[in-house]
Amino acid sequence: MKEISDPKLREVLAAWQVAPPLSPDFKSAVWQRIATEEARDALGVWGRLREWLVVELPRPAYASALLVLTIVLSFTAANLRANYQRDQYRLESARLYLAAINPLAMTANSGASR
């Protein structure tokens, strides 16, 4: 911080004090907040979860984060499922191709499909 060179200004600033008046309902507001927090603590885990779902989740920040998370998880699950389906299709195509060109595989597959 810059040092003040004027001694009179330094004296005035040192003597200056801010004492804002308290609002008339300050004490009651403090006790109300304490009671609210105690009531929240008494709700338990399920009550707090329900309160979060009803009060906090509809807020835009949480809602948009949940929407993004849902989209990312959906794309991930769809990609995993598509990869699995593609692998299954390739295996089945290879099995059918081998059965078409190998007479022994044809008889083994016809017995397995019954």
Val30 vs. criteria loosely packed, with under 10 Cβ neighbours inside 10 Å and out of contact with any Asp or Glu (no Cβ under 8 Å at 6 or more places or on another chain): no
Residues of the stretch 83-114 classified as exposed (fewer than 10 other Cβ atoms within 10 Å of the Cβ), basic (Lys, Arg) and at pLDDT 80 or above, total: 0
Residue, farthest from Glu37 (Cα to Cα), within the stretch 53-83, restricted to residues that are in a helix (DSSP H, G or I) and touching a helix residue (DSSP H, G or I) at 6+ places or on another chain (Cβ under 9 Å): Tyr62
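Being surrounded by 10 or more Cβ atoms within 10 Å (Cβ to Cβ) and of a type in the set (Asp, Glu) is the filter here, so list the residues in the stretch 6-23 that pass it. Reasoning before the result, please.
Taking the stretch 6-23 and keeping what is surrounded by 10 or more Cβ atoms within 10 Å (Cβ to Cβ), we get 9-13.
Across the stretch 6-23, the qualifying residue is only Glu11.
State whether the residues of the stretch 84-92 include one that is closer than 29 Å to Glu56 by Cα, assigned to a helix (DSSP H, G or I) and without any contact (Cβ under 8 Å) to a residue 60 or more places away in the chain.
Step one: of the stretch 84-92, the residues closer than 29 Å to Glu56 by Cα are none.
No: the stretch 84-92 contains no residue that is closer than 29 Å to Glu56 by Cα, assigned to a helix (DSSP H, G or I) and without any contact (Cβ under 8 Å) to a residue 60 or more places away in the chain.
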Contacts under 8 angstrom Cβ, first residue in the stretch 9-23 being outside any loop (DSSP other than H, G, I, E, B), partner surrounded by 10 or more Cβ atoms within 10 Å (Cβ to Cβ), 6 or more apart: Arg10/Ile4; Leu13/Ile4
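The values are calculated or read from the model by the stated rules, or taken from the named source; none is laboratory data. Keep in mind that what you see is a predicted model, and the values were worked out from it rather than measured. Reconstructed Cβ throughout: ideal geometry from the backbone, glycine too, with neighbour counts over all protein chains shown.
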